[in-house]
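Trainee: For reference, the structure I am asking about is given below.
Computed from the coordinates by the stated procedures, all read-outs in this text should not be read as laboratory data. This structure is a prediction, so every number in the text was calculated from the model and none was measured. Heads up, the Cβs are rebuilt from the backbone with ideal geometry, glycines too, and the neighbour counts pull from every protein chain shown.
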Amino acid sequence: MNNRLYGNLIFELSGEGRKGYSLPANRFGQYDVPQTLCRKEDAALPECDELTVVRHYTNLSNNNFGVDTGFYPLGSCTMKYNPKLNEEIAALPQFQNLHPLQPDHTVAGAEAVVALLERSLCALTGLAHFTFKPYAGAHGELTGLMTIDSYHRSRGDLQRRKVIVPDSAHGTNPASAAVCGLEIIEVKSGPDGLVSLDDLEHIVNIEGPNIAAMMMTNPNTLGLFETRIPEIAQMIHQCGALMYYDGANLNPMLGVCRPGDMGFDVMHINLHKTFSTPHGGGGPGSGPVGVREGLQQFLPCVSPYHGNFGVLLRAYAYILSLGREHVREVGPLATLNANYIKESLKDVYELPIDTVCCHEFVFDGLKDKSTGVTTMDVAKRLLDYGYHAPTIYFPLLFHESLMIEPTENESRETLDAFIAIMRLIADEARTDPERVKSAPHLTPIGRVDDVLAAKHPVTTYKQLKNDNN
Ligand SMILES: *Cc1c(COP(=O)(O)O)cnc(C)c1O
């Protein structure tokens, strides 16, 4: 890292008259641009030589953290390795240069990819049809709820305006229901971390005819397998509502069990999570929605064409590379890795629900609460050791949630190294708590005041020199 240059804007590296280009001799003669189209003064553009530009952007890019640079145990996000083969397939010019308005007979290959991917997803989920239009998981949730809403309306069942969402649900679930114009009823988790059947029965008894759907994630956001889905589905179907499966956590179930067989009617899949598209920083994504037979006519048109086609290509390439036999290994390996970390750390980190987890699990901060070191401090200290922080303060069921999802690709050595660092931080919390509380010390930017940053974001940057525009 070139510290002298680091942190500057390209504008601050500018020097009058410096150039990174040379134009060929003018072969076209002189043409005057009309005065009305001309600037009054020159645009304030940086003037830099090529090497300065290359170093500047290379140094900036080195500040990125990604799955390709280090271990990324961000719970609920499934930051698995994205095989480079997928990128090669998605970059094939025959696919990349397609135009959506080309004549049908020239895009038969792309249509076949969509049809074959649909067939694979149907086989993996037990549902009958998929639409690929949604651009993300949350977009899929909205699409699925709109489908359910249309289904009820088509039957004249207009009073079904409420959606049951577990208190452990991902924040997008209640948000999507609200965007769809539906009201949310929260169902509580029991002490075992699973949806409480008593609370659900109570809700269904009171609200039965008003319920449009129940949304569930399985494994839920605590990484726990919801074992009572058959009873839940029966209760929900009996009152005339439908079961929605948030399939963002499909990874540990891949090839092992299927939402369609559990009684779910509508679901979305996060292709960018389970089916390996790079998705840090918000995109691109794809949240295909699957429905059981008889609901396909209610799928709405939420985007043009087939959504993010490049993500579909990556997903199909990934499925083909794994094949039917190896797709079955994803879930068990993700589950094994998560349990290995959990068991190796539960003597120093608080494990509120001590049971076998699926692909992820949640600690409630350090076991020794007397040090004053919080989950935030642990997460920041991990950055000093070159790890991406786990998901923190989510789910909301505990005060100090620290949610770890290693994914199936990580080796025993990587997991052991992470465990050693997590133990080291727990030691530091006892011996030198201030060091942990003031972390990170080795990143370009230290501890930020995230409340201030959220409430009063400063989105402009005061230049150090060339401050004349
Ligand atoms: C990631 C996630 C979502 C949202 O998916 P996006 O693609 O980020 O919109 C929804 N539910 C769960 C359980 C998730 O993990």
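Trainee: About the Cα centre of segment 1-156, how large is the charge dipole given +1 on each Lys and Arg Cβ and -1 on each Asp and Glu Cβ? Please answer in debye to the nearest 20.
Mentor: 280 debye
Trainee: For segment 62-221, what is the relative contact order in percent, using Cα pairs closer than 8 Å and at least 6 residues apart in sequence?
Mentor: About 18 percent, as a whole number.
Trainee: Could you check how many percent of all C-alpha pairs in segment 149-219 are farther apart than 19 Å? Display every interim value, and only then the final one.
Mentor: On the way: 845 of 2485 pairs.
Above the 19 Å cut-off, segment 149-219 has 34 percent of its Cα pairs.
Trainee: Considering the convex hull of the alpha carbon atoms of the chain, report its projected area averaged over all viewing directions, in nm², one decimal. Could you put the intermediate results ahead of the total?
Mentor: Numbers: hull surface 118.3 nm².
Result: 29.6 nm².
Trainee: Counting only C-alpha contacts under 8 Å and six or more residues apart, can you give the relative contact order of segment 190-288 as a whole percent?
Mentor: Across segment 190-288, relative contact order equals 23 percent.
Trainee: Under a Cβ-only charge scheme (Lys and Arg +1, Asp and Glu -1), can you give me the dipole magnitude of the chain about the Cα centre, in debye to the nearest 20?
Mentor: Using Cβ point charges on Lys, Arg, Asp and Glu, the chain gives about 920 debye.
Trainee: Here's a follow-up. Given the pairs LYS342/LYS367; LYS162/LYS273; LYS380/LYS437; LYS346/LYS367; LYS84/LYS273, which span a C-alpha to C-alpha distance of over 19 angstrom in this model? It would help to have the intermediate numbers written out before the result.
Mentor: Values: LYS342/LYS367 13 Å; LYS162/LYS273 29 Å; LYS380/LYS437 8 Å; LYS346/LYS367 8 Å; LYS84/LYS273 15 Å.
The pairs that break the limit, which is 19 Å between Cα atoms, are LYS162/LYS273.
Trainee: Also, quick follow-up: Any chance you could check the Cα centroid distance between segment 422-448 and segment 206-267 for me, in angstrom?
Mentor: That distance is 41 Å.
Trainee: Which chymotrypsin sites (Phe, Trp or Tyr not before Pro) in segment 220-321 pass both tests, a DSSP loop state and at most 14 other beta-carbon atoms within 10 Å?
Mentor: TYR305
Trainee: Relative to the Cα centre, what is the charge dipole magnitude of segment 135-272, using +1 at the beta carbon of each Lys and Arg, -1 at the beta carbon of each Asp and Glu, and rounding to the nearest 20 debye? Walk me through the intermediate numbers first.
Mentor: On the way: 8 positive and 16 negative charges, 79 e Å.
Value, rounded to 20: 380 debye.
Trainee: While we're looking at this one, here's another question. Can you sort VAL179, VAL113 by how many other beta carbons sit within 10 Å, fewest first?
Mentor: VAL179, VAL113
Trainee: Fewest Cβ neighbours within 10 Å first, please rank MET214, MET235 accordingly.
Mentor: Listing MET214, MET235 from fewest to most nearby Cβ atoms yields MET235, MET214.
Trainee: For segment 64-204, what value does the Rg/Rh ratio take when both radii are computed over Cα atoms and Rh is the Kirkwood radius, given to two decimals?
Mentor: Result for segment 64-204 is an Rg/Rh of 1.05.
Trainee: Compute the orientation-averaged projected area for segment 160-314 from the convex hull of its Cα atoms and round it to one decimal in nm².
Mentor: Reported value for the Cα convex hull: 9.6 nm².
Trainee: Beyond 16 Å, what share of the Cα-Cα pairs of segment 219-284 remains, rounded to the nearest whole percent?
Mentor: Here the tail beyond 16 Å accounts for 51 percent of pairs.
Trainee: OK, next. With both partners inside the chain, how many of the DSSP beta bridges are antiparallel, as a percent to the nearest 5?
Mentor: 45 percent
Trainee: Take the Cα atoms of segment 325-435, build their convex hull, and give its volume per residue in Å³.
Mentor: Here the figure is 96 Å³ per residue.
Trainee: Can you sort ILE148, ILE203 so the residue with the fewest Cβ neighbours within 10 Å comes first?
Mentor: Final ranking by Cβ density, sparse to dense: ILE203, ILE148.
Trainee: Given Cα pairs under 8 Å that are at least 6 residues apart, what percent is the relative contact order of the chain? Don't skip to the answer; put the middle values down first.
Mentor: Values: 796 pairs, mean separation 87.9, N = 469.
Value for the chain: 19 percent.
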